[in-house]
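Worksheet for the structure shown next.
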Amino acid sequence: MINSSDLTLTAIGTDIQRKSADTLVLGVWKDGEKAVIAASPFSAETTTELEKSLNAIGVAGKADEVTLLPAVEETKAKVLLFIGLGVKELAELTDELLRRAAGSAARQLSNAKSAIFALPADTVARTAAVAEGIALGSYRYENLRSKKSEKPVLAEALIATTVATDKDLPAALKRAAVLGRAVRATRDLINAPANLLYPESFAAAVKDYSKSLPLKVTVMDEKRLAKDGFGGLIGVGGGSVRQPRMVKVEYAPAKASKHIALIGKGITFDTGGISLKPPAGMHAMKSDMSGAAAMFQTIAAVAELGLNVKVTAWLCLAENMPGGASTRPGDVITIFGGKTVEVLNTDAEGRLVMADGLAAASEEKPDVMIDMATLTGAQMLALGLRTAGIMGDEAVRDELVATSNEVGELAWAMPLPEELRSSIDSQVADLANIGERMGGMMTAAVFLEEFVGEVDGKKIPWAHIDFAGPAFNEGSAWGYTPKNGTGSQVRTLVAYAEKLAAAN
């Protein structure tokens, strides 16, 4: 199920002439009217000749622009690949620019099992950004093809840097490798078709992947869910022959003083249930489990990095299908903990399974709770396809937004307007599962907030991430982001956990 190839990341000095590789990757700026090589490892004479060639063929240096030239005598690489860095006067050489450039080059490499990346990496942070971009960009989903592509997947990346011997670099490269592996594994889960990835098989994949990590996995089947009162999962998953699961994953280092609860929406396929979705584009609803996939790989990465913070992930897994046992519009279900919900629209199902997860997670009284879901089409209408919306307590929300933007995953803080709460009142139950249509992303968050518990009379700090757009890319690949499953927000959540661990 999770079958992404691994990748070796190694730092080397900038004297690359004796290093062999299939491809040498170089950056190219647009400086005025000319293309110029960034941090060229070659002699001035060779650099000038290469720049003449680049300008002769009209290289613009734009992001994602790749140009191939034959190798020169000053390298043992077989091919030179130039990746655009942008307009030199306008583009600041940020970590994210390097991350995207390296990732774009890695993504577009062809016939290369090994590559040297000679981009402007003159600090540990910039070198780590290049490494991370490579780890994110070198991804291909061929798990289900009867005949694999004859083009090799990048297996070895050598990163030329002036800080190759810095004592802090090995840890930075390990982190980049772990993050890349976690994101690629998240993509594998998202890209898996729903006939292969359903609640039971998802749970099995989690157990199998966790065997080599210090994680405890508990799988609750439909009998236990019914017995314990997980009415959201039972209600949403009841129409499918593939019954729901709640998977609890725990990472608990002995000296951790902080506890994060992560709750992920795992609708392995979403037809909309009785409130059936339009058929056009429904195939992409296999990605409605992106939140659960990302939350699992977040805790896996935290465990692999050995962070000193306790993390518990709650993966809320169900398949939303129309059937004889499906929840009907107008039915009332009881969420874990006792609150009742009138289901006015069975296609607003993610918030029902997430309500179970939030209520269950609250019983453990964590220091902070974060839920994440491909929850609403309204998120895409408000923020587009690349920017996640984050709502909740201002302190948690704003820290997550800042962290997201720091690591290059765009996010925007959204409010929880108090007037939306009355729109989810029900005439027959505690709540209705839909409310005000305008601002639907925020209405869904207002619903979820009702299931966040309290400690000593105060609501547990909480944030909700709606990443319906960023989780699944149906457009063209860009930077280190491929088509289909993206693995978005894993790096944000790992970085947030690192900050909480550091504050211990």
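The values are calculated or read from the model by the stated rules, or taken from the named source; none is laboratory data. No experiment lies behind these values; they were computed from the predicted model shown. All Cβ positions, glycine included, derive from the backbone under ideal geometry; neighbour counts span all protein chains shown. Surface accessibility is based on the protein's heavy atoms, side chains included, excluding ligands, DNA and RNA. Shrake-Rupley method; radii C 1.70, N 1.55, O 1.52, S 1.80 Å.
Scanning the stretch 287-345 for residues that are in the same structural domain as residue 357 (by the TED database), closer than 20 Å to residue 371 by Cα and of a type in the set (Gly, Ala, Ser) yields 287, 290, 291, 292, 293, 294, 300, 301, 303, 313, 318. Which of the residues belonging to the stretch 444-474 are open to solvent by less than 30 Å² (accessible area, probe 1.4 Å), under 17 Å from residue 413 (Cβ atoms) and either outside any loop (DSSP other than H, G, I, E, B) or not assigned by the TED database to the domain that holds residue 385 (or both)? 444, 445, 446, 448, 462, 463, 464, 465, 466, listed by residue number. Kindly indicate whether residue 400 is farther than 17 Å from residue 351 by Cα and part of a loop (DSSP other than H, G, I, E, B). No: the conditions fail for residue 400. Where residues in the stretch 363-394 are among the charged types (D, E, K, R) and under 20 Å from the mean Cα position of the chain (by Cα), which of them is farthest from residue 272 (Cα to Cα)? Top of the filtered list is 386. Look at (1) open to solvent by 20 Å² or more (accessible area, probe 1.4 Å); (2) touching a residue at least 60 places away in the same chain (Cβ under 8 Å); (3) more than 28 Å from residue 385 (Cα to Cα) and you find that residue 429 fails only one, number (1).
With respect to the conditions (1) more than 25 Å from residue 192 (Cα to Cα); (2) open to solvent by less than 30 Å² (accessible area, probe 1.4 Å), residue 344 lacks only one, and its number is (2).
Within the stretch 113-144, if we keep just the residues that are surrounded by fewer than 18 Cβ atoms within 10 Å (Cβ to Cβ) and farther than 22 Å from residue 408 by Cβ, the residue that is modelled with the highest pLDDT turns out to be 113.
Highlighted here are the strands (runs of 3 or more DSSP E) found entirely within the stretch 254-351 that include at least 2 residues which are farther than 30 Å from residue 183 by Cα: 332-334, 340-342.
Selection of first residues in the stretch 446-468 that are over 16 Å from residue 383 (Cβ atoms) and at pLDDT 95 or above and of second residues that are among the aromatic types (Phe, Trp, Tyr) and buried (at least 24 other Cβ atoms within 10 Å of the Cβ), restricted to Cβ pairs under 6 Å at least 6 apart or on distinct chains, gives the following pairs, ordered by first then second residue: 452/462.
For the stretch 146-248, the helices (runs of 4 or more DSSP H) that sit wholly inside it and include 3 or more residues that are touching a residue at least 60 places away in the same chain (Cβ under 8 Å), out of contact with any Asp or Glu (no Cβ under 9 Å at 6 or more places or on another chain) and crowded, with 22+ Cβ neighbours inside 10 Å are 169-191. Which of the strands (runs of 3 or more DSSP E) contained wholly in the stretch 1-74 include at least 1 residues that are among the charged types (D, E, K, R) and open to solvent by 60 Å² or more (accessible area, probe 1.4 Å)? Strands (runs of 3 or more DSSP E) meeting the threshold: 23-31, 34-38.
Taking the criterion of being among the polar types (S, T, N, Q) and without any contact (Cβ under 8 Å) to a residue 12 or more places away in the chain, the residues of the stretch 42-71 that qualify are 47, 48. Considering the conditions (1) open to solvent by less than 10 Å² (accessible area, probe 1.4 Å); (2) free of Cβ contacts under 8 Å to residues at least 24 places away in the same chain, residue 349 is excluded by exactly one of them, (2).
Yes/no matrix, rows are residues, columns are (1) closer than 30 Å to residue 144 by Cβ; (2) modelled with pLDDT under 95:
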position	(1), (2)
9	yes, no
21	no, no
40	no, no
85	no, no
89	no, yes
105	yes, no
111	yes, yes
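In the set (1) among the small types (Gly, Ala, Ser); (2) modelled with pLDDT of 95 or more; (3) on the phi > 0 side of the Ramachandran plot, the condition left unmet by residue 254 is number (3). Given the criteria basic (Lys, Arg), farther than 25 Å from residue 171 by Cβ and in contact (Cβ under 8 Å) with a residue 60 or more places away in the chain, does residue 30 qualify? Against the criterion (basic (Lys, Arg), farther than 25 Å from residue 171 by Cβ and in contact (Cβ under 8 Å) with a residue 60 or more places away in the chain), residue 30 does not qualify. Screening 328, 397 for residues that are buried (at least 21 other Cβ atoms within 10 Å of the Cβ) and in contact (Cβ under 8 Å) with a residue 12 or more places away in the chain leaves exactly one candidate, 397. Every condition in (1) open to solvent by 10 Å² or more (accessible area, probe 1.4 Å); (2) assigned to a helix (DSSP H, G or I) holds for residue 365 except the one numbered (2).
Contact map, the stretch 382-393: first residue touching a residue at least 40 places away in the same chain (Cβ under 8 Å) and at positive phi, second residue of a type outside the set (Val, Ile, Thr) and surrounded by 21 or more Cβ atoms within 10 Å (Cβ to Cβ), Cβ cut-off under 8 Å, separation 6 or more or different chains; pairs are 384/469; 392/445; 392/462; 392/463; 392/464. Look at the stretch 15-27: where a residue is within 21 Å of residue 97 (Cα to Cα) and a partner is among the hydroxyl-bearing types (Ser, Thr, Tyr) and part of a loop (DSSP other than H, G, I, E, B), sitting 6+ places away or on another chain with Cβ atoms under 6 Å, you get 24/75.
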